Every structure is written in C-alpha cells, then in structure tokens.
Amino acid sequence: MPKFIITGQKTLSGEIRVGGAKNAALKIIPAAILSNETITINNLPNIEDVDKALEVIVDLGAKIRRGKNSVEIETKNINKIELPAKLADKFRASIMFVGPMLAKFKEVRFPHPGGCVIGAGGRPIDLFLEGFEAFGAEVITEKNCYHLKAKKLHGANYFFTTVSVTGTENLMMAATLIPGKTVLKNCAMEPEIEALANYLNKQGAKIHGAGTPIITINGVKSIKAGTFNIIPDRIETGSFALMAAATKSEITITKCNPEHIACLLTIFEKIGVQFKKGKDWLKMIPTKTFLPYSIKTHEYPGFPTDLQSPYAVLMTQASGTSLIQEAIYDRRLLWTDYLSQMGAKITMCDPHRVVINGPTTLYGKRLISPDLRAGIALVIAALQAKGVTEIDNIYQIERGYENIEGRLKALGADIKRID
Ligand code: EPZ
C-alpha cells in the first residue's frame, strides 16, 4: 500500500494553490444527467473521487472528454437505470446520481452507498429515501440495493429532520425536473449548494433560496447545459491555513475564497494567529504562541466538521486547554488516538468530545490514515513533529487532495511517497 514518509520540523514557506472543491465536483457531475446537452466543467480537481464519479457516469452511458482540470460530459445517450454496484458500493457520493436519475428516468436502482468510516451505521440515507417517496417514488428494498420506481412524480413539501448536505443537493436536483412546486425546509447552506443552484438556474431551472434553510423549486420540462467553474475548495483552504499555523510557517494560499472559511478566520483573530487576506488569497503569518479556543462542529456557516481534525492538531500547539465537540458525525474523533500516540495530551471525554492540553511536542510515529480529513491532519501533525512519521493508507488522503505530495514538497516539506 502506498505510504507517506515525512520528516518534520522543516521550515515551510511559499505559495500553495487551492483546487476546485471536491464536494462541488461530486455534485455537478451527476447534475449533468439533468440536461441532454453537453456540460463543460472547469477547475475540476484531479482526485480519485472525481475519477470514480466520472467512471459511474460513463458506465451509465455518458460520453466524456477530459482535460487536465476540466471535463465535458454528454449524457443524452444514457441507457441504464442501475448504478454499477462494483463502483457505487464503496463510494458514498454515488448517491448523488440517484436524484437526477429518478427525475429523468422515473426509475433507478442503486446499492447502499459505501464510503469513509465516519458516521454511525455506515452513513444513513433515510432522509433521501423519504424525500424520494415524497416525490411519489415507490422505494423497494432488494437484497442490498434500493429500487425506486414512479409512474408519476410530483412536487413535494419535505422537512429535513437532520440537516444533510447531499440530501439537500439530491432533492434539489431531482425537483428541478419534477412537475409542480417543491419546498425543502431545514436545508443545508453550504456554498457548494448555492453554486450548484446558480448554475442550474442559468440553464433554465427555477430554484429559489439555495444557501438559506428554505429552498423552493418549480419543476421545468428540461434544462440546457453550459459551463460550470467549480468554486475553490474551502476545506483545502482551511486545511492549508491550519497547516501553516501549526507549523508556524509563512504560506500564501492562492485561488481560494477566504469568505468561505470565515468561522475559522474569526477564531484565528480571537486566538492571535496572524494572517492577511484578499479576495482570492490568504497569507498566513508565523505566530509563535496563540491561545486555545473550544469549538463545536456545526453545519455551514458554523465550524465545519471537515476541519475538525486539522484544527485538533493546531490545538495541540495552543497555550492552554481546549474542548473539541464533534456534533455532526459519530466516530469522527476516534482518529485523535493517533495524535495521542504522537505525544499530544488528549482526553476523550466521550465519543463526541475531546479535551486537548497544549503546547506539546509531537514525535514521529507509524500511523494509518482512517479517513480523508483525519489523513490530512496526520500529515500536518507529521510536518510539525520531531522525527520521522510514516502514514499508511494514503489513498484516504490522495482521494481528496490533488498532488498533495508535490504541493507540500514545493513548500519545503520533506515528504516522500513510497509504494
Ligand atoms: C457532506 O456529506 C460532505 N460530503 C462531507 O464531506 C461533509 O463532512 C458533510 O457533508 C457535512 O458537512 C460531500 O459533500 C460529498 P450529511 P453528507 O448528509 O452530505 C446524517 C469530506 O470529507 N444523515 O450532511 O454525506 C449523517 O449521518 C466529506 O469531504 C442522516 O441521518 O453529510 C450525519 O450525521 C466527509 N440521514 C449528518 O446527517 C441521511 O439520510 C450530516 O450528514 C443523511 C445524513
């Protein structure tokens, strides 16, 4: 299995460019199904999750033409209503194809989506199934897959009893082509959702309220296709900002949108981590000592659960005690055991709360990346630690961070990828 070997405590400096948002790319690719015209997607990150999403849409019958960081997708010849189980059952985002396919073909068969280990009971999809039923689909549970069928689909009123990012996106995309009015309440408000709705509206959809808790969609017969420029990845931006702060490095993060990590930057101001920012750049300034600050992860615009792990690494270097509460996912704090093995002073109060005392010196260790964001957090810890760290299972890092080894090397990191 490929692994990273990292020798810590090297001075890092320079510029790092942020890629297109993974969690926008994984939605706009399925959204291509909503139109019979060819869509062009730019600023597409070159990561395994995107490769997988494109493999799925090609398996369904779409034609694609790939550039370095772009793709054209033509879906008018899609001839299958079944998601390929071999691909879909280990790729959580495969669920994003279900809404568009239901709306377009009134029938879809898919396996329970797989994906990373965070979240109780393998990432439930009850909200999706309830939403599809509200649109008039019959949900048949077969062996280990779901079969949705609908004679006639109609608009629906649906209240999300748990805020769900992909749930919001799935039902919003489906409702685009479902006759009648749909009102979705208690929606997620992530920037990627607003970007997706803005694109669909440019193609003729009638979506109002994306980015707020109430989204109203009036179904249309068809939509056109155009060009979608993926917004900067706010989680990459936050990961690199936390890396700079934890390693006390002067790093400029380019092609980003600092507004999308306003919660983290506001905390930086409170704890004394210095930075300067512009419209599409963020310059981190080495800060010797800074205060701890307790967080509780929350849906956007609150503190993102995807930055909880890199933030915990920063708190091991803060002067004092902080409490981190993970309120979105079960099991997403278990990774901190690796941080403790590196010398961090961490007490797990319960599966959703850890107390961290800093500053502590971290020491290199042999580690395994449990999931994407814990993986990048272990890389940040290794860059900051004394000695050599070995991180295994780096698929769980490379699937979300394009050329991470090359980009960190360019900053002066001593990181080697060995197969
Ligand atoms: C999206 O996952 C992101 N993934 C995640 O990023 C991100 O952590 C998460 O939103 C929260 O911000 C993509 O966009 C591809 P949810 P999603 O549905 O939509 C529960 C990363 O690292 N829930 O908002 O799958 C669920 O268990 C990934 O890039 C139900 O109970 O997350 C969780 O506790 C990790 N029933 C909560 O809602 C459902 O039907 C929020 O999950 C659906 C979700």
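Here are a few things to note about the model shown:
- Shape category assigned to the stretch 22-229 from the gyration tensor of Cα positions, a/c cut at 1.5: rounded
- When the chain is treated as a GNM with alpha-carbon contacts under 10 Å, the residue of Lys276, Lys206, Lys248 showing the greatest mean-square fluctuation is Lys276.
- Restraint check, Lys3/Lys270; Lys276/Lys409; Lys86/Lys185; Lys27/Lys345; Lys22/Lys365, Cα-Cα greater than 31 Å: Lys3/Lys270; Lys86/Lys185; Lys27/Lys345
- Rounded, prolate or oblate (a/c below 1.5 giving rounded, otherwise prolate when a/b exceeds b/c) for the stretch 59-163 by Cα gyration tensor: oblate
- Vicinal HN-Hα couplings computed from phi for the stretch 360-366 (Karplus, 6.51 cos²θ - 1.76 cosθ + 1.60; Hz; Gly/Pro x): 10, 7, 9, 10, x, 8, 8
- Using a simple spin-label model with pseudo-atoms 7 Å out from Cα toward Cβ, Lys386 and Lys202 lie 5.3 nm apart.
- Rounded to the nearest 0.05, the FRET efficiency derived from the C-beta distance between Thr11 and Thr227 at R0 = 60 Å is 0.90.
- Largest GNM mean-square fluctuation across Leu378, Leu242, Leu129, computed for the chain with C-alpha springs under 10 Å, falls on Leu129.
- Inter-label distance for Ile418 and Lys276, nm, one decimal - labels placed 7 Å from Cα along Cα-to-Cβ: 4.1 nm
- Zone of Lys296's modelled label, taken as backbone nitrogen in the stretch 335-372 under 19 Å from a point 7 Å along Cα→Cβ: 348-356
- Whole-percent carbon and sulfur share, accessible surface of the chain, 1.4 Å: 52 percent
- Placing R0 at 30 angstrom, the Cβ-Cβ distance between Glu142 and Cys263 gives a FRET efficiency of 0.10 after rounding to 0.05.
- Using heavy atoms of the protein chains and a probe of 1.4 Å, the accessible area assigned to Trp281 is about 90 Å².
- Rounded if a/c under 1.5, otherwise prolate or oblate - the chain, Cα gyration tensor axes: prolate
- Between Asp350 and Glu250, full extension at 0.36 nm per residue minus the direct alpha carbon distance yields a gain of 32.4 nm.
- Relative contact order (%) - the stretch 65-179, alpha-carbon pairs under 8 angstrom, separation at least six: 26 percent
- Sum of -39500 (n - 2.57) over DSSP H runs of 4+, divided by residues of the chain (222 nm, nearest 500): -8500 deg cm²/dmol
- Cα centroid separation, the stretch 303-325 to the stretch 25-61 (Å): 34 Å
The values are calculated or read from the model by the stated rules, or taken from the named source; none is laboratory data. All figures in this text were calculated on a predicted structure; none of them were measured in a lab. Positions of Cβ are generated from backbone atoms using ideal geometry, with glycine treated the same way; all protein chains shown enter the neighbour counts. Calculation scope for accessible area: heavy atoms of the full protein, side chains included, ligands and nucleic acids excluded. Shrake-Rupley method; radii C 1.70, N 1.55, O 1.52, S 1.80 Å.
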